[in-house]
Amino acid sequence: MNINSISAYPENPYSPPISGVFHEQSPRDTTVPGKYTVYIPDSFQPCSPAVMILAPDYTTAQSFYSGSLGQAWKAEADLRGFTLIIVEADQGQGGAWNLLNATWQRNDDDFLYEIVDTIRQKFSSIPAAFNLDERSLYLVGYEQGGSAAHKMAISWPQLFGGIVSIGGSNVSDELITRNGGKRSFPFIAGQNSDGRETIGLLNQDIPLPAWIVEAANSELNSLTIKNHWINAADAISGSPNIYAQETYSNGATNIWITYSTAATPSPSIIYEEFLYQVLRYTNTPGGVLEYRVGLISGSVPGTGFVYSEDTVGGRLRKWWTYIPTTYNENNSYPLIVALHGGSNSAEAFIGDSRWHLYAEQYGLIVVFPQAFPCPLPFFGWIPVPVWNQYIITPGDPPDDVAFIRHVINQTKTNYAVDAEKVFATGHSNGAGMTWRLGLDAPEIFAAIAPAGWTVSATPGGQSVPPISVPLPVWLFMGRYDQMGADAFSLGNSNDTCIKYWAQRNGFNYKKLCTEYDTSGNYYSRIWTNGVDSIPLFQFTTVADCPHIYVPYECELLWTQFFSKLRLASDGKRYFNGVEITRGSTSNE
């Protein structure tokens, strides 16, 4: 498919650029044979969930989709806005799932992984491309497909937010032990082997919410599978509920067992009552399972999450604002602009960062703007939400600096914002936007804090407003970040970033101090003006962290950085009441 044939700005710009049902799909790697069906509803929004269903033996994906059960799942997908992927057993080998890993049959785990890898991509060359929220990929299997789902999940638990099997969960004890005892690829990008050996996390130690609806034929059930998921979660027994006669839990990880004599749950119950509730966030090895953040009003009227949208620059733009329950219009509150990464969403970044929890604790207002869906021809992607910043410039880009100015001004109009305490932070592509705000609109912000990406200069030497007063920067980079992590070598992105900001902020890049935080999770390189200890630039490495924004960074940023800074009306910045000044950039 030609990317230019995909409309970047349909009547509803946040609707999927590709929608409908797509049968006979194959993964990009065609060396493992097999077919699957994809259904993308018109209600799908950027960065939304998907449910992968494994059909029973001798049932094609197309026939499952066309049947009453498949149509019930389609109706739920239409209602809830998730993509549906239906996978069939290998029809070329008798149409049965290879539950014993017979060498003469397809390796089903490899095939399912290749499907996951394909649906994670956004290439316009994929007929059924969509913008998956990788935190919210769920696995469901019926009959023998249920057993195949468990076998897959044991090998790749970090890829899923939950699993449900209906009428089949039997996997051989030997495969459970062997695959569970393998070292995991600890981060959601499963093909990224970073940390596999050094972290040493085993598949069997990664928890997964699991709902097992037992089969009437006891031979299709497995006590070992049940115990595998209970042990992986360190779950403890709980009370029965209206759907499950046995329950076990540990935090957001629930294990439900429904007896064969009970009613089979419908797709709406499976999705709404079990799967949708939990996401897997990738901020630690193996991921962290957390309940989905409810974007609801607070207990005090006018507080909590507030949704806004407006036309800015001729385009429909939207954002979420979090107002703490302690809000009083007679006071003034710091404002933090929190920017999601490319192909992500404001809602996803709320869950990633958990800034709202710290806003509630420390009395802050936080806005979560949504990037506009744009094509990325040089990536060959369908239109996805992406910020127009200096690292990546999308096709037909919006003026996102103007949009952020609009969001800040609207927030100041509607709420009591302390104009001296406005800050910007963001991850990945959102970090790039954070850098651009620091370059193009430094007069607004007391400080900035990008994570997961560096900026060394503007493309082609584009001019940006010079600054006479340093703009403090705190940059975070995961130890296993795919963008080069914390490596410093002559001319690499980290090196050129420090040198660029040394000139811009006024410090000697050869003179730095280093420190660890008390937890040992953070290692910081700090540059000052050489006269006082005020940090003009901090580069912090986050241990055991991939390309992600870690919630604990929010508390660090507020307590150790943002809370100490202010931008006075005369343009001067202060750190703990001390005026921030430039130092010598001499490298002697």
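Brief remarks on what is shown
- Label selected from (1) 77, 49, 49; (2) 77, 52, 39; (3) 79, 60, 46, the criterion being Cα extents along the principal axes in Å as computed here: (1)
- Dividing the convex hull volume of the alpha carbon atoms of segment 345-394 by its residue count gives 89 Å³ per residue.
- Qualifying trypsin sites (Lys or Arg not before Pro) in segment 547-588, where qualification requires a DSSP coil assignment and no more than 14 other C-beta atoms within 10 Å, comprise 572.
- Sparsely packed loop sites in segment 103-188 (the chymotrypsin sites (Phe, Trp or Tyr not before Pro) outside DSSP H, G, I, E and B with at most 15 other Cβ atoms within 10 Å) comprise 104.
- Highest-first arrangement of 94-100, 62-68, where packing means the average Cβ count within 10 Å: 94-100, 62-68
- Solvent exposure of the chain as accessible area per residue, Å², 1.4 Å probe: 37
- At the listed q of 0.08, 0.11 Å⁻¹, the Debye profile of segment 89-233, built from one uniform point per Cα, gives log10 I(q)/I(0) equal to -0.22, -0.41.
- Estimated inter-spin distance, residue 409 and residue 249, nm [label 7 Å along Cα→Cβ]: 4.8
- Across all directions, the shadow cast by the convex hull of segment 200-286 built on its C-alpha atoms averages 6.3 square nanometres.
- Gained length - residue 103 relative to residue 487, 0.36 nm times residue gap less alpha-carbon distance: 134.0 nm
- Shape call, segment 473-573: gyration tensor on alpha carbons, a/c limit 1.5: oblate
- As a length-normalised measure over Cα pairs under 8 Å and 6 or more apart, the relative contact order of segment 371-437 settles at 30 percent.
- Listed residue (239, 67, 557) projecting farthest to the positive dipole end of the chain, Cβ model: 557
- At q = 0.17, 0.19, 0.24 Å⁻¹ the log10 of I(q)/I(0) for segment 267-366 amounts to -0.92, -1.07, -1.31, computed by Debye summation with a single uniform scatterer per C-alpha, solvent ignored.
- Segment 443-588, relative contact order in percent, only Cα pairs under 8 angstrom and at least six apart counted: 30
- Relative to the compact-globule estimate of 2.2 N^0.38 Å, the Cα radius of gyration of segment 21-129 comes out at 1.05.
- A simple spin-label model places pseudo-atoms 7 Å from Cα toward Cβ; at residue 361 and residue 300 they are separated by 1.9 nm.
- 12 Å beta-carbon shell around residue 309, net charge (K/R +1, D/E -1): +2
- Furthest towards positive pole of dipole, 30, 585, 86, structure part the chain, Cβ charges: 585
- Heavy-atom accessible surface of the chain: percent carbon and sulfur, 1.4 Å: 49
- Relative contact order (percent, whole number), the chain, Cα cutoff 8 Å, 6+ residue spacing: 9
- When both segment 125-173 and segment 368-436 are represented by their alpha-carbon centers, they are found 34 Å apart.
- Helix-only arithmetic for the chain: the sum of -39500 (n - 2.57) across DSSP H runs with n ≥ 4, divided by the residue total, places the mean residue ellipticity at 222 nm at -6500 deg cm²/dmol.
- If you take the Cα centroid of segment 65-81 and the Cα centroid of segment 285-303, the two points sit 27 Å apart.
- When +1 charges are put on Lys and Arg Cβ atoms and -1 charges on Asp and Glu Cβ atoms, the dipole computed for the chain relative to its Cα centre reaches about 1300 debye.
- For residue 547, the residues whose modelled amide H falls within less than 5 Å of its own, excluding neighbours fewer than 5 places apart on the same chain, are 482.
The values are calculated or read from the model by the stated rules, or taken from the named source; none is laboratory data. Owing to the predicted nature of the structure, the values given are computational and were not obtained by experimental measurement. Positions of Cβ are backbone-derived with ideal geometry, glycine not excepted, and every protein chain shown enters the neighbour counts. Ligands, DNA and RNA are stripped out before the accessible areas are found, and what is left, the full protein with its side chains, is counted by its heavy atoms. Shrake-Rupley method; radii C 1.70, N 1.55, O 1.52, S 1.80 Å.
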